[in-house]
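Have a look at the structure below, then the notes.
The values are calculated or read from the model by the stated rules, or taken from the named source; none is laboratory data. Keep in mind that this is a model prediction, so the values were computed, not measured. Positions of Cβ are generated from backbone atoms using ideal geometry, with glycine treated the same way; all protein chains shown enter the neighbour counts. Ligands, DNA and RNA are stripped out before the accessible areas are found, and what is left, the full protein with its side chains, is counted by its heavy atoms. Shrake-Rupley method; radii C 1.70, N 1.55, O 1.52, S 1.80 Å.
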Amino acid sequence: MAITESIQNVKLSTRFLNVTYVNNKTGAEVTALENINFDIKDGEFICIVGPSGCGKTTFLNTVVGLLKPSKGEILLDQKKIDGPGNDRAMVFQNPSLLPWKTVLDNVLYGVELQKLLSEDKKQEAKEFIEMVGLKGYENHYPHELSGGMQQRVNLARALTVNPSLLLLDEPFSALDAQTREFMQGELLRIWSETKKTSLFITHQIDEAVFLADRVFVFGARPGRVVDVINVTIPRPRDLHVKRSPEFINLVDHIWSIIEKESSKQGFVNK
Amino acid sequence: MTQGNIQFAQSESKIKKKKLKKQNKSLVISFVSVLMFLLLWEIASQNEWVNPLFVSSPIKIAQAAVVMIQEVSFWENMKVSGYEFVVGFALAIVIGIPIGVFSGWNTNFNAVVNPFISGLYVTPKVALLPVIVIVFGIGPVSKIVIVFLMAFFPIVMSAQKAMLTLDQNLIKAARTFNANEYQIFKTIALPSTVPFLLNGIRLGIGQGLIAVVVGELFASTAGIGYQLTSNGQNLQTDRMFVGILVITITGLILTLLLGVIEKRFSSWKPDIGS
Ligand SMILES: Nc1ncnc2c1ncn2[C@@H]1O[C@H](COP(=O)(O)OP(=O)(O)O)[C@@H](O)[C@H]1O
Ligand SMILES: [Mg+2]
């Protein structure tokens, strides 16, 4: 199913994107993603939800350039994605910080790898550290930080390379419920300050509805887009939104889509 | 959030204080334990519960030590053993670390060197002493070679092991930032090896000290091991114990030094109590 948008302002578009894994030993192919077609507008916040194993991570890894499409293509600013690039940055589920680098050096690590380290960047990094609420922790080591704080460093590192597309793979799933809710609010605040086009993966539907302009529901076997839901809840949103009937209805609606999809697949999710 | 962190920091310093108290207490206990042992040794020797000729006594050893440190030959022997150890050990580090790191990084290089490393690792290196002496003579060179051989393996293996346990998540994160192989090697692989290497070096120190002494006992013209042999032939147990003590103290100092280096290098690591 193709979702057509007006061509103007398109940031990212996937065209009949297919990704297959080939088993090294048996040579057997697994289709992880099949014919993914959609356009994302500049500045949009997109959430992808779906049962585990439906190819969400695979999709993000392909966008960031770690995986190559087996068919089709992904266009970022009308240019075909072919490998990692400075225009994208990823926030992982586990913070993946270098334990021997301080917070500041970790935040600068992406820029360092891109060979773009400079005094200006250092200044920017400090500003992002402040933005994610870690001012005063510049010289701490990751092990001295809580999980939530480490994820903030992870986010600041991604923002410091100034990507035009921000990719987040279940960044809050390892956090406890309270920290998670708090971080959702923080992320929205940071997003509204930076206006980065964002692709956010989660398996929590309420998280997706809270954050997104649009929610893409993925189905499994093979991974594909089952439905796209517009979230019309006005911004800025705060945590009270989660108790509004509009919010609850949207969550229920997405639940029913996933449930229907799962029963079709012959397995029950959760 | 910030408040929570302050509390977190406070409770952390409290835990550290508690730990310090505990450490002091164990230190006292250890000191008393050693003192008791020396006392018992002295009493056993003076009352001839055991033959003093065999076990000497702490006081006699101390007296012998005072005499020996005024002898030129003692310092000559120290110098020779020290030279053999330092050169052999330095070679083990300079050659061992790069080989270990590269074989852990590059599978082809690993295929080249691994048969030799695995084979020699299980060979008791002292069994090679007769050959080493034939090839390198009974001078310091043969000792340097045996020190190198014995210290080399713990160091190589620790470097290899470090490379095998690299955090793949870090590498993946680096790749998303367009990192090339060299950058991943430099910024992730090499720093990851440090704690493992220090451990390998610690084991290497022990092995290297054994090598010096065994090498000199086997065939030599000077050194602490040589002194041990000649004192042994004259049944001078007190002087022999001084020699052993010198080796022990050297080992302790080196390990202590390594501990200091370790602390400096791994301030980023959570201290998991020692
Ligand atoms: N490296 C891999 N090799 C083979 N199959 C894989 C690999 N990674 C993921 N898969 C398969 O691809 C599918 C999608 O995985 P993934 O993208 O991780 O899903 P999600 O992130 O939605 O949980 C799953 O069926 C998974 O088993
Ligand atoms: Mg996943």
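For the range B:58-265, compute Rh as the Kirkwood radius over C-alpha pairs and then the Stokes-Einstein diffusion coefficient at 37 °C and 0.692 mPa s; write the answer in µm²/s, rounded to an integer.
Values: Rh = 18.8 Å.
In µm²/s, the coefficient is 175.
According to a simple spin-label model (label point 7 Å from Cα along Cα-to-Cβ), what is the distance in nm between B:Lys263 and B:Thr165?
The modelled label-to-label distance comes out at 2.3 nm.
I'd like the FRET efficiency for B:Glu76 and B:Lys25, computed as 1/(1 + (r/R0)^6) with the beta carbon distance as r and R0 of 41 Å, rounded to 0.05.
Working: r = 43 Å, r/R0 = 1.05.
Once the sixth-power term is evaluated, E becomes 0.40.
Mind checking which lysines have their C-alpha under 24 Å from B:Lys21, skipping anything on the same chain fewer than 8 residues away?
Cα-Cα hits under 24 Å: B:Lys263, B:Lys269.
Rank by packing, highest mean first: peptides A:12-25, A:121-134, with packing defined as the count of other Cβ atoms within 10 Å averaged across residues.
Details: A:12-25: 15.9, A:121-134: 18.8.
Going by the mean number of other Cβ atoms within 10 Å, highest first, we get A:121-134, A:12-25.
Just grab the label-to-label distance for B:Val66 and A:Lys122, each label 7 Å out from Cα along the Cβ direction, in nm (one decimal).
According to this spin-label approximation, the distance is 5.9 nm.
Under the definition of partner shielding as Cβ atoms of other protein chains within 10 Å of a residue Cβ, what is the mean value for peptide B:174-185?
Working: counts 7, 7, 19, 17, 11, 6, 2, 0, 0, 4, 1, 0.
Partner-chain Cβ atoms within 10 Å, mean over residues of B:174-185: 6.
Could you tell me the convex hull volume per residue, in Å³, taken over the Cα atoms of the range B:87-167? Display every interim value, and only then the final one.
On the way: hull volume 6.5 nm³, N = 81.
Per-residue hull volume (Cα only) is 81 Å³.
Averaged over its residues, how many other protein chain Cβ atoms are within 10 Å of peptide A:91-102's Cβ atoms?
Details: counts 2, 4, 1, 4, 2, 9, 3, 9, 8, 11, 3, 1.
Counting other chains' Cβ atoms within 10 Å and averaging over A:91-102 gives 5.
For chain A, find the longest principal axis of its Cα atoms and tell me its angle to the long axis of helix A:245-265, 0 to 90°, nearest 10.
Helix A:245-265 sits at roughly 60 degrees to that axis.
Whose amide H sits under 5 Å from the amide H of A:Ala32, counting only residues 5 or more places off or on another chain, with H placed in the peptide plane?
Here the answer is A:Val19, A:Thr20, A:Tyr21, since their amide H atoms fall under 5 Å of that of A:Ala32.
State to the nearest 20 debye the size of the charge dipole of the protein assembly as shown about its Cα centre, where the only charges are +1 on K and R beta carbons and -1 on D and E beta carbons. Mind showing how you got there, number by number?
Numbers: 53 positive and 46 negative charges, 80 e Å.
That gives a dipole near 380 debye.
Give the accessible surface of the protein assembly as shown per residue, rounded to a whole number of Å², with probe radius 1.4 Å and ligands, DNA and RNA excluded. Walk me through the numbers on the way to the answer.
Details: 28250 Å² over 544 residues.
Heavy-atom accessible area per residue stands at 52 Å².
What FRET efficiency, computed as 1/(1 + (r/R0)^6) with R0 = 45 Å and r the Cβ-Cβ distance, is obtained for B:Ile244 and A:Ala174, rounded to the nearest 0.05?
Values: r = 54 Å, r/R0 = 1.19.
Calculated transfer efficiency: 0.25.
Could you identify which residue out of B:Ala64, B:Ala127, B:Ala44 has the top mean-square fluctuation in a GNM of chain B using Cα springs shorter than 10 Å?
Comparing B:Ala64, B:Ala127, B:Ala44 in a Gaussian network model of chain B, the most mobile one is B:Ala127.
Given Cα positions, please report Rg to Rh for the protein assembly as shown, the hydrodynamic radius being the Kirkwood one.
Values: Rg = 32.3 Å, Rh = 28.4 Å.
With Rh from the inverse mean 1/r over Cα pairs, Rg/Rh is 1.14.
For the range A:27-138, what is the Kirkwood hydrodynamic radius in Å, using each pair of distinct C-alpha atoms?
Values: mean 1/r = 0.0596 Å⁻¹.
Kirkwood hydrodynamic radius for the range A:27-138: 16.8 Å.
Enter the buried accessible area of the B/A pair, total of both sides, probe 1.4 Å, in Å² rounded to the nearest 100.
Working: alone 17500 and 13180 Å², together 28250 Å².
Chain pair B/A: roughly 2400 Å² of buried accessible area.
Place +1 on the Cβ of every Lys and Arg and -1 on the Cβ of every Asp and Glu in the protein assembly as shown, take the dipole about the Cα centre, and give the residue among A:Asn230, A:Ala212, B:Ile132 whose Cα lies farthest towards its positive end.
Going by the Cα projections, it comes out as B:Ile132.
Just to verify a number: FRET efficiency for A:Thr232 and B:Lys14, C-beta to C-beta distance, R0 = 60 Å, to 0.05?
Working: r = 51 Å, r/R0 = 0.85.
The computed FRET efficiency comes out at 0.70.
Under 25 Å from the Cα of A:Lys264, which lysines turn up, not counting those fewer than eight places away in the same chain?
Here the lysines satisfying the reach criterion relative to A:Lys264 are A:Lys56.
State, to one decimal in nm, how far the label point of B:Thr123 lies from the label point of A:Gln78, with both points 7 Å from Cα in the Cβ direction.
My value for the distance between the label points is 6.8 nm.
What does the average come to when, for each residue of peptide A:141-153, you count the partner chain Cβ atoms lying within 10 Å of its Cβ?
Values: counts 5, 2, 4, 6, 2, 4, 0, 2, 3, 0, 0, 1, 0.
Across the residues of A:141-153, the mean count of other-chain Cβ atoms within 10 Å is 2.
How long are the three semi-axes of the equivalent ellipsoid for the range B:146-274, computed from the Cα gyration tensor as the root of 5 times each eigenvalue, in whole Å, largest first?
Details: eigenvalues 353, 51, 15 Å².
With the √(5λ) rule applied to the range B:146-274, the semi-axes are 42, 16, 9 Å.
Going Cα to Cα from B:Lys79, which lysines come in below 25 Å? Please leave out same-chain ones fewer than 8 positions away.
The reachable lysines, counting only those whose Cα sits under 25 Å from B:Lys79, are B:Lys60, B:Lys125, B:Lys143.
Counting only protein heavy atoms, what percent of the accessible surface of the range A:113-162 is carbon or sulfur at a 1.4 Å probe?
46 percent
Rounded to whole Hz and in sequence order, give me ³J(HN,Hα) for the range A:179-192 from the Karplus expression 6.51 cos²θ - 1.76 cosθ + 1.60, θ = phi - 60°, writing x for Gly and Pro.
Once θ is set to phi - 60°, the couplings for the range A:179-192 become 4, 4, 4, 4, 5, 4, x, 4, 4, 4, 4, 5, 5, 5 Hz.
If I take every Cα pair under 8 Å that is 6 or more residues apart in the range B:163-274, average their sequence separation and divide by the length, what percent do I get for the relative contact order? Mind showing how you got there, number by number?
Values: 50 pairs, mean separation 24.2, N = 112.
Reported as a whole number, the value is 22 percent.
Keeping all protein chains in the complex and leaving out DNA, RNA and ligands, what accessible area do you get for B:Val28 with a 1.4 Å probe, in Å² to the nearest 10?
Number for this one is 90 Å².
Between B:Phe152, B:Leu40, B:Trp105, whose Cα lies farthest towards the positive end of the dipole of chain B when Lys and Arg beta carbons carry +1 and Asp and Glu beta carbons carry -1, centred on the Cα centre?
Of the listed residues, the answer is B:Trp105.
For the range A:151-251, divide the Cα radius of gyration by the Kirkwood radius and give the resulting Rg/Rh value with two decimals.
Across the range A:151-251, the Cα-based Rg/Rh ratio is 0.95.
Within chain B, which is the longest segment that contains none of the GluC sites (Glu not before Pro) sitting in a DSSP loop with at most 13 other Cβ atoms within 10 Å?
B:72-274
What would the Debye equation give as log₁₀ I(q)/I(0) for chain A at q = 0.08, 0.11, 0.16, 0.17 Å⁻¹, counting only Cα atoms as equal point scatterers?
-0.33, -0.63, -1.30, -1.42
What list of ³J(HN,Hα) values in whole Hz, one per residue of the range B:21-34 in order, does the Karplus curve 6.51 cos²θ - 1.76 cosθ + 1.60 (θ = phi - 60°) give from phi, with Gly and Pro shown as x?
4, 4, 4, 4, 4, 5, 4, 4, 4, 4, 4, 4, 4, 5
Residue by residue through the range B:205-218, which ³J(HN,Hα) values in whole Hz follow from phi under the Karplus form 6.51 cos²θ - 1.76 cosθ + 1.60 (θ = phi - 60°), with glycine and proline marked x?
So the J values, rounded to whole Hz, are 4, x, 5, x, 5, 4, 4, 4, 5, 4, x, 6, 4, 6.
Pick out which of B:Ser142, B:Ser30, B:Ser45 has the largest mean-square fluctuation in a Gaussian network model of chain B, springs linking Cα atoms closer than 10 Å.
Looking only at B:Ser142, B:Ser30, B:Ser45, the largest GNM fluctuation is found for B:Ser30.
Here are some pairs, A:Lys41/A:Lys79; A:Lys135/A:Lys196; A:Lys135/B:Lys18; which of them have Cα atoms lying more than 19 Å apart in this structure? Don't jump to the answer; show the numbers that get you there.
Values: A:Lys41/A:Lys79 15 Å; A:Lys135/A:Lys196 22 Å; A:Lys135/B:Lys18 30 Å.
Over 19 Å apart, Cα to Cα: A:Lys135/A:Lys196; A:Lys135/B:Lys18.
Considering only protein heavy atoms, what is the solvent-accessible area of B:Ser158 at a probe of 1.4 Å, reported in Å² to the nearest 10?
20 Å²
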